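Coordinate-derived values only; no laboratory data. All values reported here derive from a predicted model rather than from experimental measurement. Cβ: placed from backbone, ideal geometry, glycine included. Neighbour counts: every protein chain shown.
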Amino acid sequence: MSLLDVRGLTTEFRTEQGWRPAVSDVSFTLDPGEILGLVGESGCGKSTAAYSVMKLLGANARIAAGEAWLGGENLLAMDDNALRKLRGDRLSMIFQDPATALDPAITVGEQVMETVREHLGLDRRAARARALELFRQVGISDPERRLSAYPHQFSGGMAQRIALAIAISCNPEMLIADEPTTALDVTIQAQILRLIKTLLVTERRSAVLLITHDLGVVAQICDRVAVMYAGRIVEVGDVRSVFADPLHPYTRALLDALPTHEVARGALATIEGRVPGLTDRPSGCSFHPRCPHARPVCATELPPRVRPSPGREVSCVLHTADG
Ligand code: SF4
């Protein structure tokens, strides 16, 4: 059974033209010990989908439909208090900017200790020992001294390690990681991704929902990938199959734009056109204005979701039958 089962999620944003869907009929599952990449260009709805699952939306957003089952509980039907407790105990998040999760006025040691005292019920002495252990796990040297440092005294990569220490401190069943390495250089990026895999998946068998615009990151760490375009999931599959044989023209275009492919072909690939905004999403298949394979029907009808082979899903008229 899946750890997380999201069904038919639709989230709307308030615009000058009224409520408009940022995420439409999104469904996916996440198993224990699995890393699922939610990938797409900026504005495709991937962060909104993930934040909806945690009900972390601003006042200008509302969940219009859907369910998100974690075990036997529908997160979207829970009240705020229950959800807040669940977010500390069973679900964690890390963000692109670790400062989002860190209070600049409090030492990082106090912040980690506060989290474990609140959620694990440890006394001060045990919380300090736990904080030191966590600092060592995320690769912070001289942890005794670093406990009394403030967030601004850390580099971006080290601050992300602290945020990761807080995120894993209560042994969460699931981590949502929103572009956790986008602001970091390639070497540090690889280190943080390795830590996520080791500390969450290998050691705790937690599930990770990784939001990224970067298929290179997906290739490094994810087991499966869900590709989003204009608020909808257009393709899902295991990473190896999707990279070897992308079924949706948008997935193919993203892969063609990867640097390794550019080098191999000696040409720079880009995806023609732009991602439509919330208020100007095209009818039918939203990708049709940019799609080299578009047919007349693509402009008027939403393509059905089909499963051409086990574990693969795609929404495109080029694929019409389940396997
Ligand atoms: Fe292209 Fe049509 Fe498939 Fe959309 S449904 S990706 S426009 S071929």
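Worth a mention:
- Extension gain, T198 to L302, is 33.4 nm, computed as 0.36 nm per intervening residue step minus the present C-alpha separation.
- Residue-count net charge about E67 - beta-carbon cut-off 14 Å; Lys, Arg +1, Asp, Glu -1: -1
- Per-residue [θ]222 nm for the chain (sum of -39500 (n - 2.57) over DSSP H runs n ≥ 4, rounded to 500): -9000 deg cm²/dmol
- Principal-axis tilt of helix 108-120 within the chain, Cα atoms, nearest 10 degrees: 80 degrees
- In the chain, taking the dipole from charged Cβ atoms about the Cα centre, the farthest positive-side position among I221, L38, A77 is held by I221.
- Length available on full extension from A126 to D238: 0.36 nm per residue minus the Cα-Cα distance, which gives 36.2 nm.
- All Cα pairs of segment 168-323, percent lying beyond 20 Å: 57 percent
- Cross-link partners of K85 among aspartates and glutamates (Cα-Cα below 17 Å; sequence separation of 8 or more within a chain): E73, E114, E118, E173
- In this simple spin-label approximation, A59 and S283 carry label points 7 Å from Cα along the Cα→Cβ vector, and these lie 3.6 nm apart.
- Extension gain, E114 back to K85 (0.36 nm per residue minus Cα-Cα distance, nm): 9.0 nm
- Charge tally for P310 (other residues, Cβ to Cβ under 11 Å; Lys, Arg +1; Asp, Glu -1): -1.
- Cα long-axis angle, helix 80-89 against the chain (0 to 90 degrees, to the nearest 10): 70 degrees
- Most simply put, segment 148-252 has about 55% antiparallel DSSP beta bridges, counting only bridges with both residues inside it.
- With the alpha-carbon atoms of the chain aligned to their principal axes, the span from lowest to highest coordinate is 68, 49, 40 Å, starting with the largest.
- Near T15, the amide H atoms lying under 5 Å from its own belong to R20; only residues 5 or more places off or on other chains count, and H is placed 1.01 Å from N.
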